[in-house]
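K.L.:
Below you will find the structure I want to go over with you.
We did not get these values from a lab; they are worked out from the coordinates using the rules stated. This one's a predicted model, so the numbers in the text were calculated from it and none came from an experiment. Neighbour counts run over all protein chains shown; Cβ positions are idealised from the backbone, glycine included.
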Amino acid sequence: MAVYRFAPSPTGFLHLGNARTLLLNALMARKQAARFVLRLDDTDRARVSEEYVDGIRQDLAWLGLTPDAEVRQSDRDDAYAAAFDRLVAEGRVYPAYESEPELELARKLARASGRPPVYDRAALRLTAERRAALEAEGRRPHWRFRLSGGRVEWPDGVRGAQGFDLSSLSDPVVRRDDGSFLYVFTSVVDDAGIGVTAVVRGEDHVTNTAAQIDMFAALGAPPPAFAHHNLLTSADGAGLSKREGSLSLRTLREQGIEPLAVAAYAVLIGSAEAVRPVSSLDELAGLVELSRLSRAPARVDMEELAALSAKTLHALPHDAVADRLGALGVEGGPAFWEAVRGNLATLGEAADWWRIATRPLKPEAARPAPEDARLVAEALALLPTEPWDETTWKAWTSAVSAATGAKGRALFAPLRIALTGEPHGPELAKLLPFIGRARALERLSR
C-alpha cells in the first residue's frame, strides 16, 4: 500500500503554505486509498513546544483530516543512532571540526576565486593525531554524510525529470556537535523505517532530495517518489513563515474562514484548476493532479479567500453546519438556515441574525426615516394575523403597496429597517416567520 506523510516541525502554528503541503499529501492518499501519516519533526528541543503540537492536531481536525498514524521523531532516537553508527562504520559519515565562522570564510574564499562554495572535505584529510589535538582543545565534531559522487536523477511528480551532480553539493551535516540529528538525515531514516512511498513537499527541498536519495541508497532502502510543489507567498511576494504567524490556520479559523474553503484555496491556487468552492474533501481530492501545478510561486489574496469562504458557506446544507449553529445558540433548524445562509460572510453572522429575529433589537438599531412614518403606520395597521409562513410577506406588502402607492425600494427598504434595524439582509419572506407577529408589532411601533 502507498504511504504518504506530512512532516511539520512544531516550532510555530501552521500557515496556509503548510496547509498546501499537508493537503496535497492527505488528498493524494485519499485519492489512492493509501495510508496518510502525520510525522512530528520535533527534534529541535529548543524551539519545539507542545502548544504547537496541539495546534497541529487541531488544525488537521479543523480541516477534516484524520491521519492513519502519528509518529514523533523524539521517540525515534534509537533508530537514528543505529543508522548513524552503521554509516560511520561503512565510512559514509565522518567527523568534521570546522566552526561556522571558519566554514563561512571558506565559502567566501571559494566564491572570490570563482569556485562553487562546496565543502572541500578537509576533515577527511585530518590525521588521527590532529583530530585528537582538536578535541583536546575542546572542539566537538559535527558529522557529515559523504556523498557518493556521480549524478542523481528522479522523475519529479510536479517538475518532471530532475537531476543533480552530487559533486556540486556539500556533504550534508547529519549530526550537530551537541549530538542532535538534523532533518536531512532523520527524514530519510523515518521514511525508510515507516515505509513511506511518496513525498509531496515544497520546491525549497529539491536540493535536499538529491542528497537524501543518496542516503537512501547508503541505507539500502528504496527512495519514495518525490514531488515538489510551488510555494505560496504573501500578497507582497514574501515567503510565509510559522514564526511570524503569516496566514496561520489558527488565525483564519478565528476569522471565520470556512475550513473547506481553506482546503480548496490551498490546493487549487497556483494550479491549472480554477479556484472554486467544493462540497467535500473527496471532491477536492478528485481535482488534485500534481502534474498540473504551476512552477511559479502563487500569491495569496485574502479577499479572494474570503469570497471563496462565503460561497462555500452558502452552498453548505443544514446538516453540515447544524452542530456549529447549535454551539452558537442558533435554533430554527433547516428553515432558518435556508433563510439566512445566502447573506452570510461567516457562519458567526448566523448568530447575529438569530438574535435579530428572536430577541429585542438593540437600542442603536436603525429606524425608518421620518418621511416613511405614514408607510410604517399603514403597515402596522395592515399587519396580518398569524399563523405566518413564507407567503405572509408578499400578501402583507401587496396590501401596504395598495394602501400607500409605494413600490419597490420605497416600499421594502423602510419595512426592512423597521423590522430588523438593518438596511440589508436575508430575504424577509423567509425571515418574517421567525420574527413573528408580536415582535413585528413592537418594532413597527417604535
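K.L.:
Check cross-link reach from Lys31 to the aspartates and glutamates: straight Cα distance under 14 Å, and skip same-chain residues fewer than eight apart.
P.N.:
Asp282, Glu283, Glu289
K.L.:
Using modelled backbone amide H atoms (1.01 Å from N, in-plane), which distant-in-sequence or interchain residues come within less than 5 Å of Ala225's amide H?
P.N.:
Here the answer is Ala198, Val199, since their amide H atoms fall under 5 Å of that of Ala225.
K.L.:
Asp85 to Arg295: FRET efficiency via 1/(1 + (r/R0)^6), r the Cβ-Cβ distance, R0 41 Å, to the nearest 0.05? Each step should come with its number before you reach the end.
P.N.:
On the way: r = 40 Å, r/R0 = 0.98.
Step by step, r from the Cβ atoms, then E = 0.50.
K.L.:
Largest first and to the nearest Å, give the Cα extent of region 146-201 along each principal axis.
P.N.:
Extents along the principal axes, in whole Å: 39, 29, 16.
K.L.:
Quick one: length gained pulling His424 to Asp68 fully straight, 0.36 nm per residue minus the C-alpha distance? Spell out each step's value before the answer.
P.N.:
Values: separation 356, 0.36 × 356 = 128.16 nm, distance 4.63 nm.
The span from His424 to Asp68 would gain 123.5 nm if fully extended.
K.L.:
Let me ask something else. Highest mean first, how do 143-156, 28-41 rank when packing is the count of other Cβ atoms within 10 Å averaged over residues?
P.N.:
28-41, 143-156
K.L.:
If I take R0 = 51 Å and measure r between the Cβ atoms of Glu129 and Ala46 in this structure, what FRET efficiency does the formula 1/(1 + (r/R0)^6) give, to the nearest 0.05?
P.N.:
0.90
K.L.:
Let me ask something else. How long is the gain from Asp204 to Glu273 if the chain were fully straight, where each residue apart is worth 0.36 nm and the alpha carbon distance is subtracted?
P.N.:
That works out to 22.6 nm of additional length.
K.L.:
For His15, enumerate residues with amide H under 5 Å from its amide H, sequence gap 5+ or separate chain, H modeled in the peptide plane.
P.N.:
For His15, whose amide H was placed from the backbone, the distant partners under 5 Å are Leu249.
K.L.:
Tell me which of Pro387, Pro360, Ala402 sits at the most positive position along the dipole axis of region 354-418, charges placed on C-beta atoms (Lys, Arg +1; Asp, Glu -1).
P.N.:
The residue sitting farthest along the positive end of the dipole is Pro360.
K.L.:
Any aspartates and glutamates with Cα under 20 Å of the Lys108 Cα? List them, leaving off those in the same chain fewer than 8 positions away.
P.N.:
Glu98, Glu100, Asp120, Asp171
K.L.:
Obtain the nm distance between the two label points defined at His318 and Ser241 by a simple spin-label model: each point lies 7 Å from its Cα along the Cα-to-C-beta direction.
P.N.:
Here the modelled spin labels are 4.8 nm apart.
K.L.:
Then there's this: What is the extension gain from Glu331 to Ala366, computed as 0.36 nm multiplied by their sequence separation minus the C-alpha to C-alpha distance, in nm to one decimal?
P.N.:
10.1 nm
K.L.:
Sequence gap at least 6, Cα distance under 8 Å: using those rules, report the relative contact order of region 23-137 to the nearest whole percent.
P.N.:
About 20 percent, as a whole number.
K.L.:
In cubic angstrom, how much convex hull volume per residue do the alpha carbon atoms of region 92-175 span?
P.N.:
128
K.L.:
Test of understanding: in a Gaussian network model of the chain with alpha carbons linked when under 10 Å, which of Gly160, Gly348, Gly114 would top the mean-square fluctuation ranking?
P.N.:
Judging by the Gaussian network model, the answer is Gly114.
K.L.:
Within region 32-60, list the residues whose amide N lies under 17 Å from a label point set 7 Å along Cα→Cβ of Ala2.
P.N.:
32-38
K.L.:
For the chain, how big is the tail of P(r) above 34 Å, as a whole percent of Cα pairs?
P.N.:
50
K.L.:
A follow-up question, please. Please list the radius of gyration and Dmax for region 370-444, considering alpha-carbon atoms only, with Å as the unit.
P.N.:
Final numbers for Rg and Dmax: 11.0, 31 Å.
K.L.:
In addition: Would you list, by chain and number, the lysines whose Cα falls below 26 Å from the Cα of Lys394, excluding same-chain residues fewer than 8 positions away?
P.N.:
Lys394 reaches Lys407, Lys430.
K.L.:
A follow-up question, please. At R0 = 60 Å, how high is the FRET efficiency between Ala122 and Lys31 if r is their beta carbon distance? Nearest 0.05 is fine.
P.N.:
So the FRET efficiency works out to roughly 0.80.
K.L.:
For the chain, what does the relative contact order come out to in percent, with C-alpha contacts under 8 Å and a separation of six or more?
P.N.:
14
K.L.:
Out of all DSSP beta bridges with both ends in the chain, state the antiparallel percent to the nearest 5.
P.N.:
Within the chain, antiparallel bridges account for around 50 percent of the total.
K.L.:
Kirkwood hydrodynamic radius (Cα pairs, Å) of region 215-261? Spell out each step's value before the answer.
P.N.:
Values: mean 1/r = 0.0707 Å⁻¹.
Evaluated on region 215-261, it is 14.1 Å.
K.L.:
With θ taken as phi - 60° and the coefficients 6.51, -1.76 and 1.60, list the Karplus ³J(HN,Hα) couplings across region 229-239 in order, rounded to whole Hz; mark glycine and proline as x.
P.N.:
So the J values, rounded to whole Hz, are 7, 5, 9, 9, 10, 6, 4, 8, x, 7, x.
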